[in-house]
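The values are calculated or read from the model by the stated rules, or taken from the named source; none is laboratory data. Everything numeric in this text was worked out from a predicted model, so none of it was measured. Note that we place each Cβ from the backbone using ideal geometry, even for glycine, and neighbour counts take in every protein chain shown.
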Amino acid sequence: MKRHLAIATMVVFACSSIFLLSSCAKKQVVVEEKEITAPPEEEVVEVEEEELPAEEVAEELAIEVEEEEEEVEREEEVEIERPEEVELAERWEPEAEEEALLDRRAARFEGELIYFDFDKFFIKPEYRAILKEKAEFLKDNPNISVRIEGNCDERGTNEYNIALGERRSTSARNFLVSLGVSSYRIETMSYGEERPLFFGHDEESWSQNRRDDFVIIKE
Amino acid sequence: MKLKSILVSKILFNTRGIFRILVWILVLGIGIILQTEGVEGRLYIDITSPSMRRISVAIPDFKYLGKKNEHPDLGRELSEIMSNDLDLSGYFKPLDKGSFIERPEAGITRDSIHFKDWSVIGAELLIKGGYECIGQQLKVVIRLFDVFSGKQLYGKRALGIVDESRYLIHRLGNEIIRTLTGDPGPFLTKLAFVGTSTGHKEIYLSDYDGHNLKQITSYNTITLSPRWSPLGERLMYTSFRNSGTVLFMHDVLRESVTKISDRKGLNIAAAWRPNGKELALTLTISGNPDIYLIDTTGKILKRLTKNWGIDVSPTFSPDGKKMAFVSNRSGSPQIYILDLVSSQVERLTFQGNYNTSPAWSKLDRIAFAGSFDHHFDVYTISPDGKDLRRVTQGQSNNENPCWSPDGRYIAFSSNRAGGNYHIFIANANGENQRKVTFSKGEQLSPSWAQYSK
């Protein structure tokens, strides 16, 4: 009897967790819809505010990046936005699959970063393929705008590094524009050395911090 | 050739020659001694000498001169403020109070001081202080004595309030420095810097010695590059907003903030021209980080650099006719000087692969942070590129130097003490490096100005 009860409990638990997991995947659709209705300026503000506690976000990333990259992004979004089960259940419709694909491509767009050599801002050959993929994504989704954020390692002055980060973000933008993306869809921004992803004082951390971040700001 | 060497050996091995040489050495020696005594008679300390011996000074607790003492701790506190000032000046070595042997009933006037008690413990100068309080009112008497001659060199009565006793002592300390060096002291000055105590980079103010700490921004973003106006009443800084970096002017007397430049792209690191009417800052409106001259309302007056590379961190010469800045136009960040009259640009630094953060002093020297061997040290150099001197000696990283208003001291941030950056001050030659900020988190990028009280 006891054993039956235990099995029953486990089955119920498993079912509910599957349900929860699927809700998680779905809820993004709802949230994104909400964002469309919001005026664009407010949206930008929201994004900024969430990102500003730089260390927290960076630390989160720092721990997770070591695992699988794609999973990291999904987990992150899950944590930031709370699923609302009722709404999700209603919207389990065919077009959702298309949107899920878009989500995956968007996550890839934001998750695949490009890296730079110390005190340099030219695009290294190994990152051209990544930028080409980003250009394709932008061309396939003409209503999306993005911001490229240049970053540097901790060495040197923050003033010089802000300028260097600006050049890094401009390099990536110019590359995307050369591949046919309209320049007005790409904003650039530099955080200099202010938003490291890794906090070590060695080349291992530095090489990961000399990067361009890609942020989708409007859909 | 041969003749010459014969002549030299003749003089050297001739006893009369040796005698003559000895006489000359003696005469010269006396001359030198007389000359230095002459200098010491007029000025106790020659602050222009490249390296100096610190004078030992005894500063016992200030004596209460009134009847009922409502502030018994003040006697010790006042002497400690004075002692810290004189120590930070780099000219003095305050003696440990534990070594004092003078009897407590001794007074603060010349007649009641037993100078032998002070000379025996090695004091060259003695500062005696007394104070009296009526409510918040504070009266301080101070006397400076030469221990060997027993002569009073300086005496002053000053009035103030108890809560501002640090200010009162800084003022008297300045006058002691003036008496001994002929130069006004550095004690009535203040720092602005970036601090991270709250978890965000915000701007803080303090006295030059790190006391009277005050946070003046709470933007909860990233705020950088504070720069005092020449008179120390306004402060420029760069703060991150959603759109990018924005340049603000903070009037610290009126406590008002004005947005000066929020052009598209970068608006970073403004430097004041010594006239207090113009500023140089880096903008990217042309698509590339270049330096522009603007007025205090933010209006662009002139584009100063036009180059494919990065141009940042301007600083003006004391006459305002030249500007040093950082550029990577030759491939790595180096310091260049722009002549604003002729528009000629010349490279200043050639050693090392990363030289940055120039700061031009009132005494016409340029301090900068340079990486010659994988970490940053502070150096100073003459604007003509000669006379490069090292200020810090490889204690981890030493960055973002700035000068005291009189050009005799340098402040910089260093992570030598356990990883976090704190502010240090030192004499211009690098002697006497002292940590002056002690808050949690980091303190970075100092700017130093005259007290505008």
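Filtering the range B:294-309 to residues that are touching a Leu at 6+ places or on another chain (Cβ under 6 Å), in contact (Cβ under 8 Å) with a residue 12 or more places away in the chain and either among the basic types (Lys, Arg) or surrounded by 19 or more Cβ atoms within 10 Å (Cβ to Cβ) (or both) leaves B:ILE294, B:LEU304. Quick check on my filter: what residues within the range B:378-394 are among the polar types (S, T, N, Q) and not in a loop (DSSP other than H, G, I, E, B)? B:THR380, the sole residue that qualifies.
If the condition is being within 14 Å of another protein chain (Cβ to nearest Cβ) and either touching a residue at least 60 places away in the same chain (Cβ under 8 Å) or loosely packed, with under 15 Cβ neighbours inside 10 Å (or both), then the range B:354-386 contributes B:ASP373, B:HIS374.
Selection within the range B:221-237: residues that are facing another protein chain (nearest Cβ under 8 Å) and buried (at least 22 other Cβ atoms within 10 Å of the Cβ). The member of this set that is nearest to the chain's Cα centre (by Cα) is B:SER225. The condition of being among the aliphatic types (A, V, I, L, M), in contact with a strand residue (DSSP E or B) (Cβ under 8 Å, 6 or more places away or on another chain) and within 14 Å of chain A (Cβ to nearest Cβ) holds for only one of B:VAL194, B:VAL147, B:VAL162, B:VAL140, that being B:VAL194. The criterion of being touching a Gly at 6+ places or on another chain (Cβ under 7 Å) and among the hydroxyl-bearing types (Ser, Thr, Tyr) does not hold for B:SER239. Regarding B:HIS114, is this residue in contact with a Cys (Cβ under 6 Å, 6 or more places away or on another chain), more than 30 Å from B:ASN427 (Cβ to Cβ) and not assigned by TED's automatic domain parsing to the domain that holds B:HIS211? No: the conditions fail for B:HIS114. Name the one entry in B:VAL345, B:VAL341, B:VAL391 that is more than 21 Å from B:VAL194 (Cα to Cα) and surrounded by fewer than 17 Cβ atoms within 10 Å (Cβ to Cβ). Only one candidate qualifies: B:VAL341. Within the range A:128-152, the set of residues being modelled with pLDDT of 95 or more and part of a loop (DSSP other than H, G, I, E, B) comprises just one member, A:CYS152.
Condition first: outside any strand (DSSP E or B) and either of a type in the set (A, V, I, L, M, F, W, C) or closer than 30 Å to B:SER256 by Cα (or both). Can you find one or more residues in the range B:221-229 that meet it? Checked against the condition, which is being outside any strand (DSSP E or B) and either of a type in the set (A, V, I, L, M, F, W, C) or closer than 30 Å to B:SER256 by Cα (or both), the range B:221-229 yields at least one hit.
Say whether the condition of being without any contact (Cβ under 8 Å) to a residue 12 or more places away in the chain, within 14 Å of another protein chain (Cβ to nearest Cβ) and not in a helix (DSSP H, G or I) is met by at least one residue in the range A:110-125. Yes, that holds for at least one residue. Please indicate, with yes or no, whether at least one residue in the range B:339-352 is assigned by TED's automatic domain parsing to the domain that holds B:ARG263, touching an Asp or Glu at 6+ places or on another chain (Cβ under 7 Å) and under 30 Å from A:THR170 (Cβ atoms). There is no residue in the range B:339-352 that is assigned by TED's automatic domain parsing to the domain that holds B:ARG263, touching an Asp or Glu at 6+ places or on another chain (Cβ under 7 Å) and under 30 Å from A:THR170 (Cβ atoms). Scanning the range B:397-434 for residues that are in contact with a Gly (Cβ under 8 Å, 6 or more places away or on another chain) and over 25 Å from B:ALA271 (Cα atoms) yields B:ASN420, B:GLU431, B:ASN432. Of all the listed residues (B:LEU247, B:LEU231, B:LEU224, B:LEU235), the sole one being closer than 24 Å to B:SER317 by Cα, assigned by TED's automatic domain parsing to the domain that holds B:PHE316 and touching a Pro at 6+ places or on another chain (Cβ under 9 Å) is B:LEU235.
The residues on offer are A:THR188, A:THR170, and the sole one that is part of a helix (DSSP H, G or I), within 12 Å of another protein chain (Cβ to nearest Cβ) and either over 19 Å from A:LYS124 (Cα atoms) or in contact with a Ser or Thr (Cβ under 8 Å, 6 or more places away or on another chain) (or both) is A:THR170.
For B:ASP364, state whether it is among the acidic types (Asp, Glu), closer than 25 Å to B:ARG227 by Cα and not in a strand (DSSP E or B). The answer is yes for B:ASP364. Considering the conditions (1) over 17 Å from the mean Cα position of the chain (by Cα); (2) more than 10 Å from every other protein chain (Cβ to nearest Cβ), A:GLY150 is excluded by exactly one of them, (1). Looking across the range B:395-424, the residues that are farther than 23 Å from B:PRO314 by Cβ and either part of a strand (DSSP E or B) or not assigned by TED's automatic domain parsing to the domain that holds B:GLY210 (or both) come down to B:SER414, B:HIS422, B:PHE424. For the range A:110-150, enumerate the residues that are over 23 Å from A:ARG195 (Cβ atoms) and of a type in the set (Gly, Ala, Ser). Correct list: A:ALA129, A:ALA135. Consider the range B:259-278 and keep the residues that are touching a residue at least 40 places away in the same chain (Cβ under 8 Å) and at the interface with chain A (Cβ under 10 Å from one of its Cβ atoms). The one that is surrounded by the fewest Cβ atoms within 10 Å (Cβ to Cβ) is B:ILE268. Could you check the range B:312-350 and list, in sequence order, the residues that are within 13 Å of chain A (Cβ to nearest Cβ), over 27 Å from the mean Cα position of the chain (by Cα) and within 18 Å of B:LEU283 (Cβ to Cβ)? B:ASN328, B:ARG329 - these are the residues of the range B:312-350 that are within 13 Å of chain A (Cβ to nearest Cβ), over 27 Å from the mean Cα position of the chain (by Cα) and within 18 Å of B:LEU283 (Cβ to Cβ).
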